[in-house]
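What follows is a short report on a single structure.
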Amino acid sequence: MFVDAVHYGPHGPIDVQGFDCDYLVCSGYKMFSPHMGFLWGRLETLNALPTFREDFVPDTAPSKLEVGTYVYENVAGMDAAVRYLEALGRKIQPTATSRRAALVACAEATREYEAQLSRTMLDALASLNATVYGVTAKDEVSHRTPTLCFNLPGLSPAEVTEKLARQNISVRDGHMYSPRLMKRLGLAKESGAVRASLVHYNTVEEVHRFASSLLK
């Protein structure tokens, strides 16, 4: 089983043993660091994975997958992001006995807090008569992240983005690299939808400002 955790990564705990997956991939830029991808895989599956490599590179993991020179600036940035998340976890759980325990504490608290943001955002979008794509029931926010894709009546996605940008609020519009999904939703890939992405450092007050900015 291959798990693409790129979007979920900053929103909750990742437990590859609990997921019982063979591979898991994620990207640093989703987790507050520079662009760099990382892969976890079971040793036996990694060793069986065919790779392009020079003959002198061992055909065993991790060497077979780590040829060339690292982009050390990205590695340093990812390390800083992990240390930041660990520090948040230790504030939440001062008795954490390991880095892993601190990171899990951070991720679990993030998940709980972001559920509140999701509920507040769903209320805000409902008050604007928005069409929200995905889980909209507030008692089911555990099945979603606080990334909300929506459209507003009478405004194109680009107009919504521009209106918010003039008030220093950043959202995105378009197909989000998912044109086939837009087609399934009955949306034109050229215009798509609006996406508002919340994370742990956003606040309920900011969600209210987002809603009031769209009423102006």
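Mind telling me which of the residues ALA193, ALA137 ends up being touching a residue at least 12 places away in the same chain (Cβ under 8 Å) and either among the basic types (Lys, Arg) or farther than 23 Å from MET31 by Cα (or both)?
ALA193
For the range 63-97, what are the residues that are part of a helix (DSSP H, G or I) and of a type in the set (D, E, K, R)?
Listed by number, the residues that qualify are LYS64, GLU73, ASP79, ARG83, GLU86, ARG90, LYS91.
If I go through the range 1-52 residue by residue, how many of them are aromatic (Phe, Trp, Tyr), closer than 19 Å to ASP79 by Cβ and surrounded by 15 or more Cβ atoms within 10 Å (Cβ to Cβ)?
Looking only at that region, the number is 3.
Hey, could you check the range 135-176 for residues that are more than 20 Å from HIS7 (Cβ to Cβ) and of a type in the set (Lys, Arg) and say which is surrounded by the most Cβ atoms within 10 Å (Cβ to Cβ)?
Per the stated criteria, the residue is LYS163.
Within the range 37-63, track down each residue that is basic (Lys, Arg) and out of contact with any helix residue (DSSP H, G or I) (no Cβ under 7 Å at 6 or more places or on another chain).
ARG42
Look at VAL104 and say whether it is at pLDDT 95 or above, more than 25 Å from HIS35 (Cα to Cα) and under 20 Å from the mean Cα position of the chain (by Cα).
Judged against the criteria, VAL104 is not a match.
The values are calculated or read from the model by the stated rules, or taken from the named source; none is laboratory data. Nothing here was measured: the structure is a model prediction, and the numbers come from that model. So basically every Cβ, Gly included, is an ideal-geometry build from the backbone, and we count neighbours across all protein chains shown.
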